[in-house]
Amino acid sequence: MTGPLHRLINELDYPCLAGEKLAAFVTGPGARVLFLSGDPATNLETNDVAAILPELVKAFPGRFKSAVVDRAEEDATRERFQVWPVPSLLFFQDGRMTGVISKVRDWDDYLGEIHAILQGTSASANIIARDGSVRT
């Protein structure tokens, strides 16, 4: 693996989580973000979001912890949280899912939506259900 996803995990030390560590991260205290990357070889947006995530962390210093879902756990994670598009950033607060941002967005859209998710005021922090309908 090379590129931004590799850098995120191997150079910037973002944890790549599976199993019990993934479950503990999601249910942990405070605000947390899980990166569902998808396959960087087949989805060009994966590397874009992998490059953007560290910049988002810098834009919100100390506001949330971030981790990457191990590729082997992605299908189960997508099923568990009913999030199908990749790449996606899944937001949690004290063990409760609070929002999802899927695909690449404009910088200002990321900042506005993350701010709203962290404040609990996001009108668009919807979870995309398997059948294509949107649940809040």
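Only the coordinates and a few stated rules stand behind these numbers; no lab work does. Keep in mind it's a predicted model, so treat the numbers as computed, not measured. Cβ atoms come from the backbone with ideal geometry, glycine included; neighbour counts cover every protein chain shown.
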Of the residues in the range 1-21, how many are closer than 15 Å to N47 by Cα and either out of contact with any strand residue (DSSP E or B) (no Cβ under 6 Å at 6 or more places or on another chain) or assigned to a helix (DSSP H, G or I) (or both)? 12
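Results for (1) free of Cβ contacts under 8 Å to residues at least 12 places away in the same chain; (2) under 18 Å from G3 (Cα atoms); (3) touching a Gly at 6+ places or on another chain (Cβ under 8 Å); (4) crowded, with 21+ Cβ neighbours inside 10 Å, shown as yes or no for each residue.
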site	(1), (2), (3), (4)
A41	yes, yes, no, no
A50	no, yes, yes, yes
A59	no, no, no, no
G62	yes, no, no, no
K65	no, no, yes, no
D70	no, yes, no, no
D75	yes, no, no, no
R80	yes, no, no, no
Within the range 86-103, which residues are surrounded by 16 or more Cβ atoms within 10 Å (Cβ to Cβ) and either of a type in the set (D, E) or outside any strand (DSSP E or B) (or both)? V86, P87
In the range 33-47, is there at least one residue being part of a loop (DSSP other than H, G, I, E, B), more than 21 Å from L111 (Cβ to Cβ) and β-branched (V, I, T)? yes
Note on R32: of the conditions (1) among the charged types (D, E, K, R); (2) within 11 Å of the chain's Cα centre (by Cα); (3) exposed (fewer than 13 other Cβ atoms within 10 Å of the Cβ), unmet is (3)
Going through the range 104-114 one residue at a time, which ones are under 14 Å from the mean Cα position of the chain (by Cα), surrounded by fewer than 19 Cβ atoms within 10 Å (Cβ to Cβ) and among the charged types (D, E, K, R)? R105
